[in-house]
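Asks: Okay, handing you the structure first.
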Amino acid sequence: MNVRKLLAKMAENGITRTILSNKAGICIRTLRERMRGESEWKQSEILRIASILNLSPQDIVDIFFTQLVS
């Protein structure tokens, strides 16, 4: 998870964590846990956030899928 890039996209759209959690239908505590890597993102959450922040397919990969698989 690339939190810095997600926060940058949120800033570009003038969206705080509270606003994002409300618009995405995610509890603010859950959003914080996901952003800290304490729990896994659900596909539906990623898609809702992508829609809210107008993320490109590459943005989605860069933000949510940063771990390399070997």
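Asks: Going by the conditions given, is ILE15 free of Cβ contacts under 8 Å to residues at least 60 places away in the same chain and within 11 Å of the chain's Cα centre (by Cα)?
Replies: No; evaluated as a whole, the condition is false for this residue.
Asks: From the list SER39, SER51, SER21, which residue is free of Cβ contacts under 8 Å to residues at least 24 places away in the same chain and in a loop (DSSP other than H, G, I, E, B)?
Replies: SER39 is the lone residue from the list that is free of Cβ contacts under 8 Å to residues at least 24 places away in the same chain and in a loop (DSSP other than H, G, I, E, B).
Asks: So, of the residues in the stretch 26-46 that are under 9 Å from the mean Cα position of the chain (by Cα) and not acidic (Asp, Glu), which turns out to be farthest from ALA8 (Cα to Cα)?
Replies: Per the criteria, the residue is TRP41.
Asks: Can you name the residue in the stretch 20-45 that is open to solvent by less than 20 Å² (accessible area, probe 1.4 Å) and of a type outside the set (Gly, Ala, Ser) and, of all such residues, is nearest to ASN2 (Cα to Cα)?
Replies: Looking at the filtered set, the residue picked out is MET35.
The values are calculated or read from the model by the stated rules, or taken from the named source; none is laboratory data. Being a predicted model, the structure only gives us computed values, none of them experimental. Glycine gets a Cβ as well: all are built from the backbone with ideal geometry, and neighbour counts include every protein chain shown. What goes into the accessible areas is simple: the full protein's heavy atoms, side chains included, and nothing from ligands, DNA or RNA. Shrake-Rupley method; radii C 1.70, N 1.55, O 1.52, S 1.80 Å.
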